[in-house]
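Chemist: This is the structure, below, for whatever I ask next.
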Amino acid sequence: DPTDPTDPTDPVDPVDPVDPTDPVEPITPTNPTTTVDATLVNKSLSATIAPVKEMVATEIKNGQFTGSDVIFGAARTNQLSKVQIKTLYNQMLVESKAGNISRPNDIARVILNLQAMGINPTEFAGRNLVNELYQTKDVTKQGTYMTATILLALVSGHYQAPTNAQFT
């Protein structure tokens, strides 16, 4: 009896869920019927500009931006002025010289921010931040989010890993 847990046997007449002799035709995809109103999208994006500018100003004032997602987002969407980029770059230089950009997650986030601002992270304050990140031995010990950030920093610039890279 196949329903008796003490005597499990195969059923006498198993049911085949798929009949290979009678294949089903795939469903033809249809075009979406919903359209996106560009005016609404632009209005929504415009509504974010003022709050983002306020957050950027606060982060610059407080000096808490080295690995900031706000700065990254603002830079990627061209919401940073040249003056702000110069200010941020100079403050990152100070942080670098003070030794505050040394952990893999910090390096990765600075790489992303520099890229977003149009600055080459392989030539930052006499440092090649990309190669420094490739030389990190304990990347996988950073946690899932930071490991993903590190990978993003390395692949986003299409950098070539050095032959002696510790992490690829």
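The values are calculated or read from the model by the stated rules, or taken from the named source; none is laboratory data. Note that the structure is a prediction, hence the values are computed from the model and not measured. Cβ coordinates were reconstructed from backbone atoms using ideal geometry, including for glycine residues, and neighbour counts include every protein chain displayed. In case anyone asks, the SASA skips ligands and DNA or RNA and just uses the protein heavy atoms, side chains included. Shrake-Rupley method; radii C 1.70, N 1.55, O 1.52, S 1.80 Å.
Chemist: Taking segment 52-90 only, how many residues are open to solvent by less than 60 Å² (accessible area, probe 1.4 Å) and either within 18 Å of Thr149 (Cβ to Cβ) or of a type outside the set (Ser, Thr, Tyr) (or both)?
Modeler: So the answer is 20.
Chemist: Quick test for you: out of Gly118, Gly73, pick the one residue that is of a type in the set (Gly, Ala, Ser), farther than 26 Å from Gln166 by Cα and modelled with pLDDT under 90.
Modeler: Gly73
Chemist: A follow-up question, please. Do we find a residue being touching a Leu at 6+ places or on another chain (Cβ under 7 Å) and farther than 18 Å from His158 by Cα anywhere in segment 74-90?
Modeler: So far as segment 74-90 goes, yes, one or more of its residues are touching a Leu at 6+ places or on another chain (Cβ under 7 Å) and farther than 18 Å from His158 by Cα.
Chemist: Does segment 119-128 contain at least one residue that is open to solvent by less than 50 Å² (accessible area, probe 1.4 Å), closer than 19 Å to Gly73 by Cβ and in contact with a helix residue (DSSP H, G or I) (Cβ under 8 Å, 6 or more places away or on another chain)?
Modeler: Checked against the condition, which is being open to solvent by less than 50 Å² (accessible area, probe 1.4 Å), closer than 19 Å to Gly73 by Cβ and in contact with a helix residue (DSSP H, G or I) (Cβ under 8 Å, 6 or more places away or on another chain), segment 119-128 yields at least one hit.
Chemist: So which residues in segment 122-139 are over 15 Å from Asn164 (Cα atoms) and among the hydroxyl-bearing types (Ser, Thr, Tyr)?
Modeler: Thr122
Chemist: Residues that are under 28 Å from Ala50 (Cβ atoms) and among the charged types (D, E, K, R): find the helices (runs of 4 or more DSSP H) completely inside segment 79-154 holding 3 or more of those.
Modeler: Passing ranges, in order: 82-97.
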